[in-house]
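S.K.: Mind looking over this structure? Questions follow.
The values are calculated or read from the model by the stated rules, or taken from the named source; none is laboratory data. Just so we're clear, the structure is a prediction, and the values are computed from it rather than from any experiment. Note that we place each Cβ from the backbone using ideal geometry, even for glycine, and neighbour counts take in every protein chain shown. Areas reflect the complete protein model, heavy atoms only, side chains present, ligands, DNA and RNA absent. Shrake-Rupley method; radii C 1.70, N 1.55, O 1.52, S 1.80 Å.
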Amino acid sequence: MAGVLARIATFAIDGVDPRPVSVEVDIRSGLPAFTIVGLGDAAVRESRERIRAAILNSGYEFPQKRITANLAPASLRKAGPGFDVALALAVLAASRQFEPDPSAPVAVYGELSLGGELRDSPGVLAVAEGARRAGIARLIVPRARAREASLVDRVEVAGVRGLREAVAAAAGAELPPPPPAPSRPPPAATVDLADVRGHQIPLLALQIAAAGGHNLLLEGPPGTGKTMLARRLPSILPPLTRAQALEVTRIHSVAGLHADGLIETRPFRAPHHSISSAGLVGGGSPPRPGEASLAHFGVLFLDELSEFNRLALEALRQPLEDGRVTIVRGQRALVFPTRFMLVAATNPCPCGFAGVEDRCTCADADLRRHQRRLSGPLLDRIDLLVNVGRPVEAELRGPPLTDSRHARERVADARERQLVRLEETGATCNADLDARLVQTRVALDDGARDALGRAYTGGALSARGRHRVVRVARTIADLEGRERVTEVDLLLALSLRQRSAGEEALAA
Amino acid sequence: MSRRARGVDRPQACSRCLARTWLIARLAGHLEVERERVLSLLALDDDQLVLAVAGGKRNEIERQRREFSTAAAQATAIRAGVELVCGCSSTYPAALRDLAAPPAVLHVLGGIDRLRACVEAGAAAIVGTRTPSRYGGEMASALGRGVAGAGVTVVSGMAHGIDAAAHAGALGAQGGRTVAVLPGGVDRPYPQTLARLHARIAGAGVVLGELPPGTSVRRWMFQARNRVIAALSELTIVVEARQSSGALMTARHAAELGRTLGAVPGQVTSAPAAGPHELIAGGAALIRGAGDVLDLLFGAGVREPPDDRRPALTDAQAALLSALEQSGEVAGALTRSGLGVDRGLAELAALELSGWLRRGPGGRYSVIP
């Protein structure tokens, strides 16, 4: 006996990427049963109960027949309650309770409540992007997420409240009017460099870091303002492009951290030092983006760097090198984007007062442990080291030295110069310069070359450290609008250099 | 000359002296208990020493003494790459014979020939606290460099702080000679964290000790070591030492042996300057730099420390240096010197490159004298 078959399109979220999923429902006579196949997780299995209640509570009938639902492709693991609505619509279509609009391909995405309402579901932006790629004309999502989904152009978005509206939209009815723009809360007091008093050297270092995309280490005793400074770095980075903003929004949406609309400010993430490596770079089951991905196109701030779990820090190497992290689960590999700037803060020693005469109480062994925890491959990826001291009284009372708008303009100009110089190299800022590009794309004048040579011969720089100094010097020259790196630029870069293993203090 | 060829006529320690050394190492734990009077105990002969400290272990130790094998002791030294010279040899440094209880055997890393050259060049000890101020560390390093650069051997104890800075300074000088006298076995860097310095000294200078290879350090050994430093050097200079510092012990040994004493002045209010100031008040020579050391050793103006090859300072750099001398804190110094941030930071790096400044922990700079 022939059964009745219906198909509805939806999407699974794989990492942060949408994958098209076709929900197929077959209804034939037999003992009443409802089976879902297609590698779903517990949430998918439980959706049977939600769907049954939602269908009945919305005034439809739940067919007393043998119902088989398949989430195709069957090889892809599917997690979460986002398939609820698609399953419900497929059941209704297969039981002839509604007719999908044959003229336009439709996709739906969302979780159902027992009462038949569509619940807020994370990851809608990713689904909308998938819909556009798949050529879907109309996407039905929970109303709370309609604005987010409509960030993607060329897809008509229906924000619906309940199953009945979803059915109407899928049948080709007029769309409910788009939700009114939420009355925006007054813009939260944003941070600005103008809040900073004193800290002349750290402010300079922040601008250099922002201009060249260099990772930065802030070192200083407790309570001197390291966190306060780091928090202001996003405010001087160039604004996100629309494509970048969409990518950031998609990641935050998948992680369920994002309320509404487009994220237009660069993210700033400051995980606690107790974080695991899965929390930092992503992982878990199903794999979720970690802090490194949530900081994509923004700033990842690691306060108390020496307190972080060594494994977690080691895990940051790949994301720092490649701008993405690959998480392998069973047969498949998920890729999360991680192009963030790293800002780390640390005390110079466990008590924080090394170098302040007679105030450091650390034993030798403590100092060594502290150094060992800091040293390593992570520090190799940090171009800049700046010491943050206590501002003096006069500075605290004085006017701010600069503000974010001013700094942002300088940074944007410097980045513009880099883009022109690095055209067709694949690099976008000076921090991306590898050994070869340092050789071919950075012009040093005679004074700079001489100073670099002296520092290298004197043992103050390793080969790797040499590249770091040249990269930073290039950025300093870019900030000043100079075509060639001068001696002053190079010396300034040297004084902000991050030391690595094998480099002696000069003239020791 | 190959190593093997030299081995034929390499001075070997005699059985008696080796047995003596073995005995002291065997009694190390017993001596630790008696460390208040360890130097007078070391002056006893072998039998009396066992009687004095062995207690209930006496019979066991006597038996082990009878079983002692010279060949085994020699073999241990060869395995550790250590050369030996005993008190019965003509190559033994004569200055050590001034001691009431000279070391029976010297264990040498770096070669007997080099030790002889170091002793013949004339030696000055530079000692002090393990936790110096930035100023103290820089003075020790500059003295080491200047003195060694003028051909004088720098002797010290390879402890953290002043000792290590003096050795490092001496190694940095052209052809600089330095001798590190270790408390325990010379093959074991003590402190372990200075293993790299230990290797550099063994490579270009001499590491010396009176106990057999492999001996681990006990507290009484520091006193014993200090007397060797004092005896080996014509002049002992204390750079920084708090009131109870072991460096003052070295100074006392030097005074008892009739050696010259020198001390580097500091600020009266600074705790680690208290030791040197007390010595100066008691008649020690005032040491302001390597020139003073050379004048004391050879007479005024006979030898000069090597020229300062560092480039002359610009006015701006001089202002920055003097601001940094008040406090190593950069931000304040830039303000005081009147330089802008960009320019000031660049000058800092320039000064560092030309050897006027050293960047220390916490981003603080110290001025190299």
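S.K.: Filter the range B:353-369 for residues that are in contact with a Leu (Cβ under 7 Å, 6 or more places away or on another chain), facing chain A (nearest Cβ under 8 Å) and open to solvent by 20 Å² or more (accessible area, probe 1.4 Å) and give the result.
M.R.: B:353, B:358
S.K.: Are any of the residues in the range A:473-482 more than 10 Å from chain B (Cβ to nearest Cβ), in contact with a helix residue (DSSP H, G or I) (Cβ under 8 Å, 6 or more places away or on another chain) and outside any helix (DSSP H, G or I)? Show your work before the answer.
M.R.: Of the range A:473-482, the ones more than 10 Å from chain B (Cβ to nearest Cβ) are A:473-475, A:477-478, A:481-482.
Next, from what is left, pick out any that are in contact with a helix residue (DSSP H, G or I) (Cβ under 8 Å, 6 or more places away or on another chain): A:473-475, A:477-478, A:481-482.
Cutting the leftovers down to outside any helix (DSSP H, G or I) gives us A:481-482.
Scanning the range A:473-482, I find at least one residue that is more than 10 Å from chain B (Cβ to nearest Cβ), in contact with a helix residue (DSSP H, G or I) (Cβ under 8 Å, 6 or more places away or on another chain) and outside any helix (DSSP H, G or I), so the answer is yes.
S.K.: Could you list all residues from the range B:115-131 that are part of a helix (DSSP H, G or I) and surrounded by fewer than 19 Cβ atoms within 10 Å (Cβ to Cβ)?
M.R.: If the condition is that a residue be part of a helix (DSSP H, G or I) and surrounded by fewer than 19 Cβ atoms within 10 Å (Cβ to Cβ), then B:116, B:117, B:120 are the ones that fit.
S.K.: Could you tell me whether any residue of the range A:383-392 is in a helix (DSSP H, G or I), within 26 Å of the chain's Cα centre (by Cα) and within 17 Å of residue A:236 (Cβ to Cβ)?
M.R.: Checking the range A:383-392: not a single residue is in a helix (DSSP H, G or I), within 26 Å of the chain's Cα centre (by Cα) and within 17 Å of residue A:236 (Cβ to Cβ).
S.K.: Okay, next question. Going by what's in this entry, would residue A:436 be described as modelled with pLDDT of 85 or more and either part of a loop (DSSP other than H, G, I, E, B) or surrounded by fewer than 12 Cβ atoms within 10 Å (Cβ to Cβ) (or both)? Don't jump to the end; show me each part of the working.
M.R.: Values: modelled with pLDDT of 85 or more: yes; either part of a loop (DSSP other than H, G, I, E, B) or surrounded by fewer than 12 Cβ atoms within 10 Å (Cβ to Cβ) (or both): yes.
It is true that residue A:436 is modelled with pLDDT of 85 or more and either part of a loop (DSSP other than H, G, I, E, B) or surrounded by fewer than 12 Cβ atoms within 10 Å (Cβ to Cβ) (or both).
S.K.: Okay, next question. Check whether at least one residue in the range B:83-93 is in a helix (DSSP H, G or I) and either buried (at least 22 other Cβ atoms within 10 Å of the Cβ) or among the aromatic types (Phe, Trp, Tyr) (or both), and report yes or no.
M.R.: Within the range B:83-93, not a single residue is in a helix (DSSP H, G or I) and either buried (at least 22 other Cβ atoms within 10 Å of the Cβ) or among the aromatic types (Phe, Trp, Tyr) (or both).
S.K.: While we're on this one: Kindly check whether there is at least one residue in the range B:295-310 that is of a type in the set (Val, Ile, Thr) and touching a Gly at 6+ places or on another chain (Cβ under 8 Å). Step through it out loud before you land on a result.
M.R.: Applying the first criterion (of a type in the set (Val, Ile, Thr)) to the range B:295-310 yields B:302.
This time we only want the ones that are touching a Gly at 6+ places or on another chain (Cβ under 8 Å), so: none.
No, there is no match, as no residue in the range B:295-310 is of a type in the set (Val, Ile, Thr) and touching a Gly at 6+ places or on another chain (Cβ under 8 Å).
S.K.: Here's a follow-up. Among the residues of the range B:227-245, are any assigned by TED's automatic domain parsing to the domain that holds residue B:174, open to solvent by 30 Å² or more (accessible area, probe 1.4 Å) and part of a helix (DSSP H, G or I)?
M.R.: No, the range B:227-245 contains no residue that is assigned by TED's automatic domain parsing to the domain that holds residue B:174, open to solvent by 30 Å² or more (accessible area, probe 1.4 Å) and part of a helix (DSSP H, G or I).
S.K.: Which of the residues that make up the range B:138-157 are surrounded by fewer than 24 Cβ atoms within 10 Å (Cβ to Cβ) and assigned to a loop (DSSP other than H, G, I, E, B)?
M.R.: B:150, B:151
S.K.: Applying the selection to the range A:186-245, what residues are among the β-branched types (Val, Ile, Thr), under 21 Å from residue A:479 (Cβ atoms) and surrounded by fewer than 23 Cβ atoms within 10 Å (Cβ to Cβ)?
M.R.: A:201
Here is a yes/no grid of residues against (1) farther than 29 Å from residue B:46 by Cβ; (2) touching a strand residue (DSSP E or B) at 6+ places or on another chain (Cβ under 7 Å); (3) of a type outside the set (Phe, Trp, Tyr); (4) in the same structural domain as residue B:241 (by TED's automatic domain parsing):
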site	(1), (2), (3), (4)
B:74	no, no, yes, no
B:85	no, yes, yes, yes
B:89	no, no, yes, yes
B:93	no, no, yes, yes
B:96	no, no, yes, yes
B:104	no, yes, yes, yes
B:118	yes, yes, yes, yes
B:141	yes, no, yes, yes
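S.K.: Residue check: is residue A:400 within 11 Å of chain B (Cβ to nearest Cβ), assigned to a loop (DSSP other than H, G, I, E, B) and open to solvent by less than 70 Å² (accessible area, probe 1.4 Å)?
M.R.: So residue A:400 fails the test.
S.K.: Quick one: residue A:66 ticks every box in (1) under 28 Å from the mean Cα position of the chain (by Cα); (2) over 19 Å from residue A:119 (Cα atoms) except a single one, so which number is it?
M.R.: (1)
S.K.: Still on this structure, please answer the following. Could you check the range A:466-491 and list, in sequence order, the residues that are within 16 Å of residue A:433 (Cα to Cα), among the acidic types (Asp, Glu) and open to solvent by 10 Å² or more (accessible area, probe 1.4 Å)?
M.R.: Answer for the range A:466-491, where residues must be within 16 Å of residue A:433 (Cα to Cα), among the acidic types (Asp, Glu) and open to solvent by 10 Å² or more (accessible area, probe 1.4 Å): there is none.
S.K.: Quick one: is residue A:448 open to solvent by less than 40 Å² (accessible area, probe 1.4 Å) and either within 14 Å of chain B (Cβ to nearest Cβ) or among the β-branched types (Val, Ile, Thr) (or both)? Give the derivation first.
M.R.: Working: open to solvent by less than 40 Å² (accessible area, probe 1.4 Å): yes; either within 14 Å of chain B (Cβ to nearest Cβ) or among the β-branched types (Val, Ile, Thr) (or both): yes.
The answer is yes for residue A:448.
S.K.: Find the residue count for the range B:281-304, including only residues that are under 16 Å from residue B:259 (Cα atoms) and open to solvent by 50 Å² or more (accessible area, probe 1.4 Å).
M.R.: 6
S.K.: Please pick out the residue among B:350, B:346 that is at the interface with another protein chain (Cβ under 7 Å from one of its Cβ atoms), in a helix (DSSP H, G or I) and without any contact (Cβ under 8 Å) to a residue 12 or more places away in the chain.
M.R.: Going through B:350, B:346 in turn, the sole match is B:346.
S.K.: Within the range B:305-328, how many residues turn out to be within 14 Å of chain A (Cβ to nearest Cβ), assigned to a loop (DSSP other than H, G, I, E, B) and loosely packed, with under 14 Cβ neighbours inside 10 Å?
M.R.: Result for the range B:305-328: 5.
S.K.: When you scan the range A:15-85 for strands (runs of 3 or more DSSP E) that lie fully inside it, which ones turn up with 3 or more residues that are under 18 Å from residue A:140 (Cα atoms)?
M.R.: A:17-28
S.K.: Identify all residues within the range B:65-82 that are among the polar types (S, T, N, Q) and either at pLDDT 95 or above or outside any helix (DSSP H, G or I) (or both); write none if there are none.
M.R.: Matches in the range B:65-82: B:69 only.
S.K.: What number of residues in the range B:46-76 are without any contact (Cβ under 8 Å) to a residue 24 or more places away in the chain, within 20 Å of residue B:105 (Cβ to Cβ) and open to solvent by less than 80 Å² (accessible area, probe 1.4 Å)?
M.R.: 4
S.K.: Just to verify a result, which residue in the range A:81-136, among those that are on the phi > 0 side of the Ramachandran plot and more than 23 Å from the chain's Cα centre (by Cα), is surrounded by the fewest Cβ atoms within 10 Å (Cβ to Cβ)?
M.R.: A:135
S.K.: Would you be able to tell me the number of residues in the range A:454-465 that are open to solvent by less than 30 Å² (accessible area, probe 1.4 Å) and without any contact (Cβ under 8 Å) to a residue 40 or more places away in the chain?
M.R.: Counting residues in the range A:454-465 that are open to solvent by less than 30 Å² (accessible area, probe 1.4 Å) and without any contact (Cβ under 8 Å) to a residue 40 or more places away in the chain gives 1.
S.K.: Return the residue satisfying two criteria in turn: it lies in the range B:282-304 and is part of a helix (DSSP H, G or I) and of a type in the set (A, V, I, L, M), and of such residues it is nearest to the other protein chains (Cβ to nearest Cβ).
M.R.: Going through the qualifying residues, I end up with B:290.
S.K.: Can you find a residue in the range A:188-210 that is at pLDDT below 85 and farther than 18 Å from residue A:270 by Cα?
M.R.: Yes; the residues of the range A:188-210 include at least one that is at pLDDT below 85 and farther than 18 Å from residue A:270 by Cα.
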